[in-house]
Structure formats: structure tokens, C-alpha cells
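First the structure, in the form of C-alpha cells, and then the observations on it.
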Amino acid sequence: MNPPPSQPNGLPPLPTKRLEFLNTKPPSNYVAGLGRGATGFTTRSDIGPARSAPDLPDRNAAASQPPPNSAGRGRGGKDEEEEDDAEEEKGYDENQKFDEFEGNDVGLFASAEYDEDDKEADAIWEAIDQRMDSRRKDRREARLKEEIEKYRASNPKITEQFADLKRKLHTLSTEDWDSIPEIGDYSLRNKKKKFESFVPVPDTMLEKARQEKEHVTALDPKSRGVGGAETPWGQTPVTDLTAVGEGRGTVLSLKLDRLSDSVSGLTVVDPKGYLTDLKSMKITSDAEISDIKKARLLLKSVTQTNPKHPPGWIAAARLEEVAGKIQAARMLIKKGCEECPKSEDVWLEACRLASPEEAKAVIARGVKAIPNSVKLWLQAAKLEHDDINRSRVLRKGLENIPDSVRLWKAVVELASEEDARLLLQRAVECCPLHVELWLALARLETYDNAKKVLNRARERLSKEPLIWITAAKLEEANGNSGMVGKIIERGIRALQREGLEIDREAWMKEAEAAERAGSVVTCKAIISNTVGIGVEEEDRKRTWVADAEECKKRGSIETARAIYEHALTVFLTKKSIWLKAAQLEKSHGTRESLDAVLRRAVTYIPHAEVLWLMGAKEKWLAGDVPAARAILQEAYAAIPNSEEIWLAAFKLEFENHEPERARMLLAKARERGGTERVWMKSAIVERELGNTDEERKLLDEGLKQFPSFFKPWLMRGQLEERLGNLEQAKEKYESGLKHCPHCTPLWLSLANLEEKINGLSRARAVLTMARKKNPQNPELWLAAVRAELRHGYKREADIMMAKALQECPTSGILWALSIEMAPRPQRKSKSSDAIKRCDHDPHVFAAVAKLFWQDRKVDTARKWFNRTVTLAPDIGDFWALYYKYELQHGNDDAQRDVLNRCISAEPKHGERWQSISKAVENSHQPIDSILKKVVVLLGKEENAAENGKN
């Protein structure tokens, strides 16, 4: 393209006609102004967050750009050094990346210091942002909730679609359930009928089958011609597989019969276990064979390089034995015996590998080579079959080794009593330092000779305590019990003179061994002389009580009794030790021994109420009421103002149907300034006798003196409730709550009364007020939930239970009721949550046991019931549940065991138990009678619950 012509005077050329490029379509990669360095106005929406702006030349540089021949990028390019200088003059790089938070000004204040003013400004702006966000938060959450509800309404779950139908399933009867058809496979794949082809069977096959099943009883004419000695080849019948199997069984039985012993009639191979034995045979693999070859080569090298090394020969022989080559093993061990004739291990291995006929010859060569080997002589004695030959071999060994204790013991065991005594006399001469031989000889000798033997043993073994203990046992066995303590005492002093340290624990173990051997006096003597050795004075009481308890756990009752006796000689006025000794006698002793201990105890500690009461109770339980009265009279003389003694005397008379004597005792107690319990017991007596006016009078007087004691208020309200004066009972309960606002029984009684009079709404109000004044009280929550359930409000009861568990998350009674309220499929998960939240709670254990009971898991339920009554033996409701369970699933022994354990535990608490035991008509009933009545009550409650569901 030629340049435009210029004018002669040097003026610029005339303008030419412009091209219409603005109306044409630009190229795909065209950017306007890029050639002259103008990029236009670019925003973040144009470049995006992950795209950086292109590196463009500086406009100022473009204005002063060098001629086209100079270096640079495009027409506006510049050297890198010049660009760096320009950036340094400006103080920032205008081509840097865009910051999404601070925009293009990210570098303006990068070097500025962040001071307190900046911090305060940021905090103000952040507070403004939070305020603006909180103003829109409610509308945003409401809009989100509305969208979620709209989505769920338009896309419901399958479970929600069929929820109303599932709730109606309980109305179906058994016949309706049975009439529901079983679901089958209706897929299209199974609906397609497979092509079946039927082909007629050829006549030849039918004829062949007929011939196979046909029985021929006559000979073929061809074979008849030769006398029946030949069978034509064409008429050989087809082999019958069943007959072949029967034939194999016959052959196997013949082989087993051939293996039987014709002389003794005993079968060598068990026919039933024959195949099992075949399966158990070890089949050596190629790898094991290779390992055996390598080991054989290695052991061969060992025996050749060091033939005098016995373990090498033993290992080589055992390798051949494992490989199944017993003859090779015998040859190797025989060669080992020749190479190592002084090794008893090699001879013992040779004897083991040898056949029974050759074993005696092998061991004979061994004892000839090593006559001082005890092991070889004992092995030789084992190979003999009768005691006479064994004894002969052992005596032969003793000729070579007279100081072998093992040989002496073995020969003594085989000998008679007289021969054993003679042998032991010789044994103690040959082995004078072995105490077991001396003691065995002393046991076989007479009393006088035994003392001489022990004296000789004591001279030889002056540091051996067993000799002194045996001497004490000897004296005790011969009736000299007075010498036992002296012998043990002298023995301990003699051992201490010899420099022997007295090990207290070892001597206590010897005392327990003496108790097991029947030497009780020796046991007590050992304890009394050694139990205090090595114990600090301030640790004696704690250590001795711990020792006695450990002995009692191990069953060493006499040892524990001896420890307590010694402790009581030191601590005469320690009530805790007297109580421990009394408990030991109560558990493992007789009534006489217990009475003796208690008599001694009250002699030294006359002011200990519990000892007097224990003695009186034991006499009462034994049926000796006058003796119990006498003990209580002595106790009253020793402790004149003891409330416990007064109440015990009252209980003794009251339980033995002496109400007048009980009233007199309580009247005296009230005159002498009785406490609130005395007034309460007085009212109980009048209630039992039916004196309503006197009961009301005593309760009113008691409340005047003790207004903060809740039981008289409770009894006063119950009195009016029994008489039908419900409004007066309500007043008494409300008055009691004014004085005792934290008394749960009063709140519960008032709520129950309000429910009877005014219905559920008033009871709810009372229980709500009770929970406000007594927060985190599980009994009040339990009463509220049960009130809702009684009136059929299951949903309200569930809501109440959820709130209760939030406030009392570790309450066992609440979790137990929650398990019962849960639907049947959810009870297992609920019970596991309950056990995690409140571990070792008896109410939860009882609920889990009932759950297993319902699932017919008998043994598991019994274990959980046993855990429950073990954890809480004082709650009678659990015993009633356990007994009811055994009545349904247990035998007579299990029922009797539960009944006896309940009587021994003497339960006093439990919701149903107290309602039965504290009724007027059951005041003097025994524990077994109350237990059976509670079981009947439980049955009635279960029947009522089932009827309510139906």
C-alpha cells in the first residue's frame, strides 16, 4: 500500500476518505485500543475473582516512547529497568492484582501503622454490621422456615404418607393379619415363560432300562451248553452304582474285622471313628519335606563336627521321629548314647524312643554308665509294673545315691507304714538337713518317740520354724493344749536368737494351714505371738482389722477370730472392733459365742447403745423375750436417757403383742422429754389399737412441740383421709407444707388428694408448685408423669418425661418409667441410654430385667434381677418382682432361695412394699407374708394395665 502524497510546502497530507470499519464485525481476539496502550475501564465483573488483569505498558511511557527500533513490548514497550524506576518514583505498582476486600487501594496504606483509632473504627463498623444483620435475621429465618415447610409439604416422606394408616394397625385382629397375602416375586423376569421342549424317548432306551431292572433266574442256552461256566459277553448287565457302594461298605467292614484282636476280643480300630482318624492323619507337604531335609543336613553337620554334644543327637532323633522314621531315630539316639555315655538326657531320650521290650535294657545300660543319676533311677522304677519291683529298683538306686531326697520319698511312698518308719529313720541319717523327712518320721512315730525325733531335728535344723509348729500340733493332738502357746513362744524366741527374721505374713499362712489341718489351738497361738510383729503402733488397729477381713474372705474363720481376740486384748474400748467380732460370730459362729462376745463388749463399753441393742435383738430372734427384756433393762440402767433403748423396748413389747406395756414405756419416755420419734411411735400404737381420738390428740400435741417434723403432719392428714374428712385432710397437708415446704411425701399426698377431690387440673397445679419449690426432684416429676398416664394423656406424659429427664438426667426412677413408656422396638436403645446415664442404679436394673422377662430371656432376666436385689436389698419392691419372676419361671429351690434371702435382708422401703407393710391390718405380719401380698398387688396392676391398653 503506497503512502499518501504530501504537499510541497511540507504541510500535512490532505485527509482521505475514512473506511467504514465501525460497522464491520471485529475479529474474535480484538481488544479496542490495545495497540496504543489504552485498555479502557475494567470492573471486577469483567475480569472475575480468579482472573488477573493483563500486563499492559504504562501510558506515560507510551507518550515518551523511543523510536520503533528501540527495545520494548509493542509500540508502548519499555525496558525493565525503566519500569522499575518509574514504580519506585510512584511508590506503588499500579499493575498489581486486585484485592477483593480493599479494591485497588490495597497498597496505599500497607506501610501505615495500625493504631488504637483504627482498631476502634473497625470495632464500630463491625458492630454496625452485626446490628444490620440482626435486624434482617428474623425475616431471613422465617422465610427459610417457610420454604422448608413448603418443600416438605410438596415432597412428603413415605413414612409420613402412611403414618395415619400405621396408627390404625392396632385395630386389626389376628384373623385380619393372617388374611394378608404373602408378597411374591412379580417381576417381569420371572413372568417370562421359559421355552420347554419335549422329545419322545427312543424305544432302545426303554428296552435297556427294562433289561437293567429285570431279574433273570435261568441260565442262557449258550452257557447251559458248557455247564453254566461261561457268561456270554453280550448279556453282561450294566453296573448298578448302589450295589457298588454296598460292596465297598462290605469290604470296609471285612477289613475292620480283620484288624480286631482274636485273642482278647478287643477291637484295635474304632469302626465309628475310623474315617475321622483317617482325616486327622497328617499329610506332609512338599515344603515341609524340604524343611525336614534341610534340618536333617544341618543336624548331621552338628553331630559330625561335635559328636560329644548331647542336644545335637537328641534334636536329630526327634527330627526323624517327626518325619515318621522311628527306626532311624532309634539308630541315631543309640549312636548318641555311644558318643555321650555320661549324659542322662540322651539316655532318657533313648528310653522314650525305644520299644517297651527294649526300654528296660536301654535304661539298664544308662544307670550302669551313670550310676549317680537320680532321673535315670526314677525312670527305671517307672518302667516296672508292680510296687515290689519298683521298690527294689529304688533301693538299688539308694545304694548308689544314699543322699537323694527324691529317691527316699519315692521308696517311702511305696512302702508300708512300718517299713516307711524304718526307711525314714535311715533317711534322716543320710539326709539330716531335709525337714520334710524329719516331719514325716515324727508323724509315723509314737508320741514319745515323735518328741525325740523333733528334738533331734531341732538340733540339726535350728532355723526351721516348721519343727516348732509341728511340735505344737503334736501337743494339741495329744490333748496338751496348754503347752501349745508355750512351744510357739519359745520357738519364736529361739529363731530370733539364731538371727532368723520373723516373717509375719508367712506365719499367718502357717496359722491358716494349721486351721485347715484341724489344729485350732496352734492357729490361735501362732496368731497371738506373731500378728503384732513388724506393725507400727498407730497402724495396729487398721492392719489387724484388714487381716481379719482377708482371712474371712478366704474362709479362715478361726484365724480371723483369733486376730479379733488378740486385737480386743489391746483395744478394749474400741467399739468398731467389738462390732466386727460380733458380726463374725453372727455370720459364722453360734448364738452362745455371739452372746459371749456381746456380754464382754458391754462390760468394757457400757455406753455403746448398738451393742446392747444387738444383744437384745439376738435374744428376741432366738425366742427368748424375757432375756431380751433383761438386756434392755440393763442397757437403760447404763444409759438412762437413751432414746434408742426406749424405742427398742417399745418395739420388743409391741411386736410381741403387748400393747399396754408398749404404751406405758412410751408414756414414760414422753414424760422424760421424749423426742419427735417417741410422739410418732405413740400415735402409731394408738392407731393400731383403733383409738382415733387418742391418736389425734397425741399428733396434735406432738405437732405443737415439733412443728417442723413432717411425719406427724403426714399421719394427721392420713387420719382425716381414712375417716373421710377430705377437706380437713387437705388443710392438714397444707399446714404441714407451710412448716415443711421441702417435704416430698406431703406434696405427693396433697396432689393425690386434690386429684380425688378436684380432678387432674388441680393436681397438676399442686405438682407444679412443688417442683418450683423443690427443683430437680425426681419423685415429683414421676408423680406428674404418672398422673398424666392415669388419665390417658400419653402425649402430655411424654412431654413431661422429656422435661423431667432434662432436669434430672441421672434419676433411675425416671429412666425406669421412660423405658416402660417407650414403644416396644425402642426399649432396648432406651435401656442402654439409661445404663450409660445412671450406672449401677437398681431401678434401671429392674426395668432391664423386666424387659428381658417380656422377651422370654429367662436366664438373662434372672441375672439382672439378682444384680438388682444385690445392689438394693432394702427395697422390697425388687424382691417382690424377683419372687414373682421365680414363681413363673423358676423351680422350688429358686423360689425358696429368693424368699430366704428376702427374709434375711429385711427390706423396709419401696413404694408398694410400704403401702402393704404399713397398713393397719398388716402391722404384725412376717416378711414372707408381706412379700406374697406385694406379689399379688403387682399382678393386679399388670392386669389393670393390660385391660387399659385393650
Whose amide H sits under 5 Å from the amide H of residue 608, counting only residues 5 or more places off or on another chain, with H placed in the peptide plane? none
Largest to smallest accessible area among 124, 645 [probe 1.4 Å]: 124, 645
For peptides 927-934, 770-777, sequence by mean Cβ density within 10 Å, most packed first: 927-934, 770-777
Expressed in nanometres to one decimal, the distance between label points 7 Å along Cα→Cβ at residue 132 and residue 857 is 6.2 nm
Proximal lysines to residue 25, defined as alpha-carbon separation beneath 30 angstrom and excluding residues fewer than eight positions away on the same chain: 17
So how strong a dipole does segment 820-950 carry about its Cα centre when Lys and Arg Cβ are +1 and Asp and Glu Cβ are -1, to the nearest 20 debye? 440 debye
Just how far, in whole angstrom, is segment 117-153 from segment 621-688 if you go by their alpha carbon centroids? 76 Å
At R0 = 35 Å, FRET efficiency that the Cβ-Cβ distance of residue 691 and residue 752 yields, to 0.05: 0.85
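Could you rank the peptides 491-499, 913-921 by their average count of other C-beta atoms within 10 Å per residue, with the highest value first? Could you put the intermediate results ahead of the total?
Values: 491-499: 13.6, 913-921: 15.3.
Output ranking for 491-499, 913-921: 913-921, 491-499.
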Of 580/836; 552/933; 574/668; 335/360; 884/918, which ones are farther than 29 Å apart at the Cα? 580/836; 552/933; 574/668
Please give the solvent-accessible surface of residue 179 in Å², to the nearest 10, using a probe radius of 1.4 Å with every protein chain present. 80 Å²
With +1 assigned to the C-beta of every Lys and Arg and -1 to the C-beta of every Asp and Glu, and no other charges, what is the dipole magnitude of segment 591-643 about the Cα centre in debye, to the nearest 20? 80 debye
If contacts are Cα pairs under 8 angstrom and at least 6 residues apart, what is the relative contact order of segment 720-809 in percent? 19 percent
Using Cα positions and a limit of under 21 Å, work out the lysines in reach of residue 773, with same-chain residues fewer than 8 apart set aside. 711, 730, 732, 738, 803
Which of 566, 909, 840 is most accessible, then next, and so on - probe 1.4 Å: 840, 909, 566
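Please give the peptides 896-906, 159-169 ranked by average Cβ packing (other Cβ atoms within 10 Å per residue), highest first, as a rough proxy for protection.
Values: 896-906: 15.2, 159-169: 9.1.
So the order, starting with the most tightly packed, is 896-906, 159-169.
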Projected onto the charge dipole of segment 632-718 (+1 at Lys/Arg Cβ, -1 at Asp/Glu Cβ, origin at the Cα centre), which of 642, 708, 664 gives the Cα projection farthest towards the positive end? 708
Cα-projected label distance for residue 145 with residue 624, points at 7 Å along beta-carbon direction, nm: 7.9 nm
Each label sits 7 Å from Cα toward the beta-carbon; between residue 587 and residue 301 the label points are separated, in nm, by 6.8 nm
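The values are calculated or read from the model by the stated rules, or taken from the named source; none is laboratory data. Please read these numbers as outputs of a predicted model, since none were measured by experiment. Heads up, the Cβs are rebuilt from the backbone with ideal geometry, glycines too, and the neighbour counts pull from every protein chain shown. All accessible areas refer to the heavy atoms of the entire protein, side chains included, with ligands and DNA or RNA removed. Shrake-Rupley method; radii C 1.70, N 1.55, O 1.52, S 1.80 Å.
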